[in-house]
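What follows is a short report on a single structure.
Readers should treat all values here as calculations from the given coordinates under stated rules, not as data from a laboratory. Note that the structure is predicted; figures quoted are calculated from it, not measured. Heads up, the Cβs are rebuilt from the backbone with ideal geometry, glycines too, and the neighbour counts pull from every protein chain shown.
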Amino acid sequence: MLTFSGLKSHILNKFLIIALVALLSSCDVMKRVGKEQHLLVDNTILVDGKKTSNETTNSLLYQKPNGRLPLLGAPLRLHIYNLARPNIDSIIQAKVLDHPKKVAWKTKVLSEKQFLKELQSRKNFNNWLKKTGEAPVIYDEKRAEKTSTQLRKYYFSKGWFNASSAFEVDKDSSQKARVTYKVTKGVPYVLDSISSYIATPSIDSLYNASLSGNSLIKKGQQYDAVNYSKERDRLTERLRNSGYYHFAQDYISFDLDTINTNNKVHTELIIANRAIRTVDSIIRRPFKTYKVKEVNIFTDYSYENRALPISDSVQFKNYNLYSYDKLKFRPKAITDAIFITKDALFRDLDRSRTYRYLSELRAFRYPNIEYIENEQDSSLTANVYLIPRKKFELNSSFEVSQSNIQTVGFAFSGGLSIRNIFRGAETLEISALGAIGSSVDANNNSNQFFDINELGANIRLIIPRFFLPFNTEEIIPKFMSPGTRVNLSATSQTNIGLDKQSFTGTLNYNWYPSNEVTNNLDLFNIQFVKNLNVGNYFRVYNNSYESLNTIARRANYIPDDLELGYPEGADIFISEVINNNTSLQPTNPDFINVNNIKQRKDRLTEDNLIISSSFNYIKDRRENLYDRNFSILRGRVELAGNLLASLSGVFDLSANNNGQSTVFGVPFSQFTKLELDYVKHWDLGNKSEFAIRSFFGIAIPYGNSTNIPFPRSFFGGGPNDIRAWSAYNLGPGSSQSTDEFNEANMKITLSAEQRFNILGRFYGAAFVDAGNIWNVFDDVNEDARTFDSFGSLKDMAIGSGFGVRYDFSFFVLRFDVGFKTYDPSRALGSRWFKDYNFKNAVYNIGINYPF
């Protein structure tokens, strides 16, 4: 469990103290504003008389008012800055160092070193206040003029060539300034005729044949400088991928004519000849296309051996492979990663794809590609320099933990990575986990102190290509970076839950059709889970046990001062109820509850065999880690049990008492599962953003199954879900379940979150989450738990709250408080704001953002 012990406590304490002082004190925001100065408190942009406020225009402002906290409206960072003393050195000198008696008294209490350290700590704290705070933004007329000019230039770049701008300043008696910027756009200019002058004949022919048709500047468009810039980029990319090795963006220009054109723009595209610099002049020559004459690959290059002679060389498929030592890779493993080919036209795209593929191999460090020009025949020699990583790499970790089932636990894991294990750039990863712990009951019996243990092992083979008996190059070319992962893992647990043994095996293929799209196919995913200690069920699921005791007392099955025997007595009572050997009748609610407990126990204690195939699709439009305007779409389809169902008749698989076909005595699961997840972020400027998430998931059992196995079911609540409910504590539907782990086979989630900067690395958030889980198309018939029509959407839970986050750069520590806003477990008419208080709030600690 995460705690705040990992956070620098002195930073947190400073933040809380300063925030309290700033918000509750009567500190004057004008404290550091000079007599002849004015504090900038507001900017207003009027475009054709209408107020405009968006990220683009706001980014053009050279001066912005001091930041304010959302909702509260307090300029917290300005208050903090005002707490600092501008002349701390002079104050310390005047109030301390210039008083010998005070210095003498202090040095009696403290050593001289401690005394100097105490003075320095004052300076450090004062510097921290200045650095953390924000100086008052003083109105500057020159900056206002620059902003006005920048606004005019912006609208000029969008086609309003006659745009004008001005600004007005309102300075009041309290030394505060409000600036209003006024922009008049005028009539926009529209593109009319588009012509070209291209000096190099071959480029001119290529442009007219295939490039002009896809131009980003078209007749009838309103002029936009961005389109011209993108067109320049497009042409440069296409030409550099068509053999023009020396071509650069600077050779492209546009000549615009707007004189007496009645708001029309006549455009001429100009592409100049190549400029060749000599000693005292520049010579213009037509561009030439270059072909690749040779491709040389140095497989074990390093700075130390660069001057050594080559000791091993191989020619493979028009590639020359060289090695300073014995060649350790199969030639095909290397050449499959090289997209630069002999006798082909030079293409920048081939170089970038080669860099990407070589990096994904994880077998080399810092690959380098160098082109050498051969002037005699206008060809290029491509040299690829590879620096191999170490063949073997060890890693390990050690953890100490505590939870609600153990007083203390110790875990150790270690792993070994072996690169290029089969000389094809494959990587084999072998890891193992061992853990021991003392359960909360260890001291109450004669068992040993460390009565919890877990052992696990994992083997993963990563192959940088599709491992298939046939060629897939025509379907999925190598520029999509196809790869294969084979994974085998096994774990065994003692005194953890039902003491499971599990085995998992996967055969996975992944590829990347574009920079935005990731495809992942689990051709086979085999999961086998065996419960070794079913008798421990009612200890793990204690709420079910307590419910049985309550029902047994009401039915006079046991006296009020006794409990059902554990575990046999509870199982016998369930059997007696189901077989109508008690006073409970099938229509009695207590009978129904006992039957539900039995069904849940049977499902959660049964061994699971899941053999499935799944396909995952991800489209991530995020350009980099700092992009705040993006969307992510995830989709997943899983099919389980169909292969075994087809084979059950052929091999005459045995069936259990429920008529389910079994393999080694375990019924296999058969279902279809679909998940859709969409996330969208909007950058609002000033380190603020708005994010939404929507999720829909459904798993439908059929054939050999009447319900979904627990590992594939859905749950609600938790730090990354409906945050007003703890994990597994929400739903299903409107049921008033007291189960420890509530799950179902359908889920809907909708979330919205406003994120903003509070102070330095501290960020805040306000959020609303909605959603729930339901049973559908399975063996659960209770109305409160099932989704039977769109009317069931009235049981969507709603939680709202706020959070504080601290950004460590490489991860974010998150603390959220969720309040139950609409609780579907309550009766209709009394669901809103009934537990909306801190006592019933849910406090979540998490790593990174929830979506």
Within 10 Å of each candidate Cβ there may be at most 11 other Cβ atoms; applying that plus a DSSP loop requirement, which chymotrypsin sites (Phe, Trp or Tyr not before Pro) in the stretch 247-331 survive? Y303
What nm value, rounded to one decimal, do you get for the distance between K530 and N595 when each label is placed 7 Å out toward the C-beta? 3.4
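Compute the Cα gyration tensor for the stretch 576-676, then decide on rounded, prolate or oblate, letting a ≥ b ≥ c be the square roots of its eigenvalues: rounded whenever a/c is under 1.5, prolate when a/b is larger than b/c in the other cases, and oblate in all that remain.
oblate
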Taking the Cβ of F479 as the centre, find all other residues whose Cβ is under 14 Å away and add up their charges (Lys, Arg: +1; Asp, Glu: -1). 0
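Need one number: the % of Cα-Cα pairs in the stretch 534-605 sitting beyond the 13 Å mark. List each step's numbers first, then the result.
Details: 1571 of 2556 pairs.
Every Cα pair in the stretch 534-605 considered, those over 13 Å come to 61 percent.
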The chain - share of DSSP beta bridges that are antiparallel (%, nearest 5): 90
For a quick check: with amide H placed at 1.01 Å from N, whose amide H comes under 5 Å from D312's, ignoring anything fewer than 5 positions away on the same chain? S323
Distance in Å, no decimals, from the C-alpha centre of the stretch 730-767 to the one of the stretch 207-235 is 46
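Under a Cβ-only charge scheme (Lys and Arg +1, Asp and Glu -1), can you give me the dipole magnitude of the stretch 491-567 about the Cα centre, in debye to the nearest 20?
Working: 5 positive and 7 negative charges, 35 e Å.
It comes to approximately 160 debye.
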Positive-end residue, the chain charge dipole about Cα centroid, Cβ charges, pick of P732, T587, H38: H38
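So in the stretch 190-285, what percent of DSSP beta bridges are antiparallel if you round to the nearest 5? It would help to have the intermediate numbers written out before the result.
Details: 11 of 18 bridges.
Rounded to the nearest five, the antiparallel share is 60 percent.
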Residue farthest toward the positive end of the dipole of the chain, with Cβ of Lys/Arg at +1 and Asp/Glu at -1: which of F815, V666, V384? V384
For L433, other-chain or 5+-apart residues with amide H closer than 5 Å (H placed, Pro excluded) are G456, A457
So what is the relative contact order of the chain, in percent, for Cα pairs below 8 Å that sit 6 or more residues apart? 6
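How would the stretch 643-791 be classified by its alpha-carbon gyration tensor: rounded, prolate or oblate, with rounded meaning a/c under 1.5 and the a/b versus b/c comparison settling the rest?
Working: a/c = 3.06, a/b = 2.32, b/c = 1.32.
Prolate.
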DSSP loop (so not H, G, I, E, B), at most 12 other Cβ within 10 Å: list which GluC sites (Glu not before Pro) in the stretch 713-799 pass both filters. E740
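Taking the Cα centre of the stretch 534-605 as the origin, how large is its charge dipole in debye, to the nearest 20, when only Lys and Arg (+1) and Asp and Glu (-1) carry charge on their Cβ atoms? It would help to have the intermediate numbers written out before the result.
Details: 7 positive and 9 negative charges, 63 e Å.
Computed charge dipole of the stretch 534-605: roughly 300 debye.
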Summed side-chain charge close to V842 - residues other than V842 whose Cβ falls under 13 Å, Lys, Arg +1, Asp, Glu -1: -2
If Lys and Arg each add +1 and Asp and Glu each add -1, what is the summed charge of the other residues whose beta carbon sits under 13 Å from the beta carbon of Q93? +3
Could you let me know the centre-to-centre spacing of the stretch 454-522 and the stretch 649-717, using Cα atoms, in angstrom? 19
Here are some pairs, K530/K598; K291/K478; K673/K834; K51/K264; K530/K747; which of them have Cα atoms lying more than 31 Å apart in this structure? K673/K834
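Sort 51-60, 610-619 for me by packing, meaning the mean count of neighbouring Cβ atoms within 10 Å per residue, highest on top. Walk me through the numbers before you get to the answer.
On the way: 51-60: 13.1, 610-619: 17.7.
Those peptides, ordered most packed to least, come out 610-619, 51-60.
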When a/c is below 1.5 the answer is rounded, else prolate if a/b is larger than b/c, else oblate, so apply that to the chain with a ≥ b ≥ c taken from the square roots of the Cα gyration tensor eigenvalues. oblate
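Using only alpha-carbon positions, what ratio does the radius of gyration of the stretch 291-388 give when scaled by 2.2 N^0.38 Å? Don't skip to the answer; put the middle values down first.
Values: Rg = 12.9 Å, N = 98, 2.2 N^0.38 = 12.6 Å.
Taking the Cα Rg and dividing by 2.2 N^0.38 Å, one obtains 1.03.
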Inter-centroid distance (Cα atoms) of the stretch 331-365 relative to the stretch 87-151, Å: 57
Among beta bridges that DSSP assigns inside the stretch 291-388, antiparallel share in %, nearest 5: 60
Charge dipole (the chain, unit charges on Cβ, about Cα centre) - positive-most of Y181, G829, N686: Y181
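Dipole size in debye (nearest 20) for the chain around its Cα centre, Lys and Arg Cβ +1, Asp and Glu Cβ -1? Show your work: numbers first, answer last.
Working: 103 positive and 89 negative charges, 797 e Å.
With only Lys, Arg, Asp and Glu charged at Cβ, the dipole is about 3820 debye.
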